[in-house]
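The values are calculated or read from the model by the stated rules, or taken from the named source; none is laboratory data. Since the model is a prediction, treat every value here as computed from it, not as a measurement. Here Cβ is always computed from backbone atoms with ideal geometry, including for glycine, and neighbour counts include all displayed protein chains. Just so you know, the surface numbers come from the protein's heavy atoms only, side chains and all, with ligands and any DNA or RNA stripped out. Shrake-Rupley method; radii C 1.70, N 1.55, O 1.52, S 1.80 Å.
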Amino acid sequence: MNKFSWYDAKSIEDAVEQATSTIAEEVYEAGGEGSVFKSGGIDVWDLVKEGLLSPRRIINVKTIPGLDQIEFDQKDGLKIGANVTLTDIENNSDVAMHFGALQSAVAHAATPQLRNSSTLAGNLAQRTRCWYFRSIDHQCLRKGGSECFARDRRGGENENHAILNNGSCVSLHSSSVATALLAYNASIHISNAKGKEEVIPIEDFFVSPAADVATENILKPGDLITKIHVPTPKSNTKSSYIKQGARESYDWSLGDVAVVAQMSGNQCEEICIALGAAAPTPIRIYRAEKMLLGKLLSAENAQLAAEIAMEGARPLTLNGYKIPLFESIIKSALLEIT
Ligand SMILES: Cc1cc2nc3c(=O)[nH]c(=O)nc-3n(C[C@H](O)[C@H](O)[C@H](O)COP(=O)(O)OP(=O)(O)OC[C@H]3O[C@@H](n4cnc5c(N)ncnc54)[C@H](O)[C@@H]3O)c2cc1C
């Protein structure tokens, strides 16, 4: 492990200023330099121990006052501070009352101990857990290499990897919480080095490998997530969330789905269906959503939507099982809200 200095940020402005006044870039080779934000530290310390991140400076943003609050107002919606832990989201009564799929997604992430430390901003900005990316011995596409070992190598171990949008790097984003936030049309508030605050729809926050394989989100050095905003669902909205992992706890998602729908009886008036661990970024399945508009959520229509969702799937050598897995959880999540 390289030597690094430690700085406890005092405010949002202080954190951004400190990050941009040093060479603020993550460097994926030992001996590199740069500064990096740390909130819960779960992923930052893993990356440092794995030799993939060698910061010259750690900026602890957990010390910034006020970023650990959850506020809810019927008109303004839900505001979750960047440093709120997954446990605090899980236990919040407003989240439980109005954002059931989000509460379920958070409650199924990682383990109770990890959720006690993990913050929402850190969760969204964590790096992929693709084992080739995490191995210092594999110079994969994401680390500037010329091949995706999971996809291109004979015998590549790709059982967990993407079945949709998988023409480049086939790693998955590791946040299953993002799946629910996407279904709720959440947006992310980011303070940047120019002293501005940007508000980015969560769908535009994640960057696909086809667009830029070197990064997984739009954050630039010095960009600090300050809060996540989730609009209040309209009346008669129902939601559901299902995550399938290899184990019930201590594991990332093999496939997860969040559904948020405005219903009139059993008829679907508006619907968002988001998938995690299907593609390199969390995705909406717009064609299936469109097919369901104005329709009754019957078993037949739920099955049809699930099949439409998987139409473009191109499984790799070892992950064909994900197609029936996703068909099954999409159908179940749709029928859960009836
Ligand atoms: C065994 C295991 C299983 C897990 N399973 C799941 C799962 O099923 N679902 C799931 O969603 N997650 C899962 N996780 C992820 C975990 O819950 C954490 O959310 C995640 O590792 C990072 O959160 P953190 O707060 O510790 O972030 P950190 O490690 O502190 O930071 C992670 C990244 O975010 C950046 N960052 C932190 N705060 C900010 C900010 N305010 N602005 C800009 N950038 C910031 C850091 O620079 C770093 O790049 C799992 C983790 C482990 C170890």
Among the residues of region 256-272, which ones are over 19 Å from Ile283 (Cα atoms) and touching a residue at least 24 places away in the same chain (Cβ under 8 Å)? Gln262, Met263, Ser264, Asn266, Gln267, Cys268, Glu269
Name the single residue that is farthest from Gln262 (Cα to Cα) among those in region 87-113 being buried (at least 17 other Cβ atoms within 10 Å of the Cβ) and within 10 Å of the ligand (Cβ to nearest atom). Ala110
Restricting to region 114-151, name every residue that is aliphatic (A, V, I, L, M), crowded, with 17+ Cβ neighbours inside 10 Å and more than 13 Å from the ligand (Cβ to nearest atom). Leu141, Ala150
Can we say Val44 is modelled with pLDDT under 95, within 12 Å of the ligand (Cβ to nearest atom), surrounded by 20 or more Cβ atoms within 10 Å (Cβ to Cβ) and not polar (S, T, N, Q)? no
When you look at Ile190, is it outside any helix (DSSP H, G or I), open to solvent by less than 30 Å² (accessible area, probe 1.4 Å), modelled with pLDDT of 95 or more and under 22 Å from Lys38 (Cα atoms), yes or no? yes
Under 9 Å between Cβ atoms, which residue pairs at least 6 apart in sequence (or on different chains) link something in region 217-239 that is open to solvent by 30 Å² or more (accessible area, probe 1.4 Å) with a partner that is part of a strand (DSSP E or B) and among the basic types (Lys, Arg)? Lys227/Lys79; His229/Lys79
